[in-house]
1. With a cap of 14 neighbouring Cβ atoms within 10 Å, and only residues DSSP puts in a loop, list the GluC sites (Glu not before Pro) found in segment 1-98.
2. Which residue fluctuates most in the GNM of the chain (Cα springs below 10 Å): A74, A134, A38?
3. Over the chain, what is the relative contact order in whole percent, taking alpha-carbon pairs under 8 Å and six or more residues apart?
4. Looking at the chain, which longest stretch skips every one of the chymotrypsin sites (Phe, Trp or Tyr not before Pro) that is in a DSSP loop with at most 14 other Cβ atoms within 10 Å, leaving the sites themselves out?
5. Please identify the trypsin sites (Lys or Arg not before Pro) of segment 1-101 that satisfy two criteria: DSSP loop assignment and at most 11 other Cβ atoms within 10 Å. Which are they?
6. So what are the ³J(HN,Hα) numbers for segment 22-33, from phi and the Karplus equation (6.51, -1.76, 1.60; θ = phi - 60°), rounded to whole Hz, Gly and Pro as x?
7. Mean residue ellipticity at 222 nm from the helices of the chain, using -39,500 (n - 2.57) per DSSP H segment of n ≥ 4 over the full residue count, to the nearest 500 deg cm²/dmol?
8. Compute the distance in nm between two label points, each set 7 Å from the Cα along the Cα-to-Cβ direction, one at W80 and one at I11.
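Coordinate-derived values only; no laboratory data. Since the model is a prediction, treat every value here as computed from it, not as a measurement. In this analysis, Cβ positions are derived from the backbone assuming ideal geometry, glycine residues included, and neighbour counts consider all displayed protein chains.
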Amino acid sequence: ALDLGIPLTLISEAVFARCVSSFKEQRVQTGKLFARTATPVEGGKQEWVEALRQALLASKIISYAQGFMLIREAGESYGWGLDYGNTALLWREGCIIRSAFLGNIRDAYEANPDLVFLGADPYFKNILENCLSAWRKVVAKAVECG
């Protein structure tokens, strides 16, 4: 992803989290320097469960979108000649991914084989628009709570 200039934050953040995780002693010592605070979360449990569900759904779409941006760029750079709709379906069998989303991704690329950003497909765009407010709410509360 880095070599091809594609933002694949899901992978890069996972790598960085693993790096940070390896510094356990430093993390424990640094944690002692700061007082722990409790930030109240306003709103009912069901409200937050729904907000989290929507935030996760939006994040999942963006993760797939970034992955397909990388596949597209690599395919073009290396002359692979991929069918992105069929590529999505490859993960349905014998792979940990096996998401129902893969059929929707196939549909998006069948409707528009030149689709660069999955979130621009009407189906995924609609979901992102409907989830955006909850997604922002969850991220803002997570930052606020530390």
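1. On the way: sites: E13, E25, E42, E47, E50, E73, E76, E93; in loops: E42, E93.
Filter output for segment 1-98: E42, E93.
2. Result for the chain, Cα springs under 10 Å: A38 fluctuates most.
3. Numbers: 103 pairs, mean separation 45.4, N = 146.
The normalised contact order for the chain reaches 31 percent.
4. On the way: sites that count: F23, F34, W80, F117.
That would be 35-79.
5. K32, R36, R98
6. Listing the rounded values in order: 6, 9, 4, 4, 5, 5, 5, 5, 5, x, 6, 6 Hz.
7. After summing the helix terms and dividing by residue count, I get -22000 deg cm²/dmol.
8. Distance between label points: 1.0 nm.
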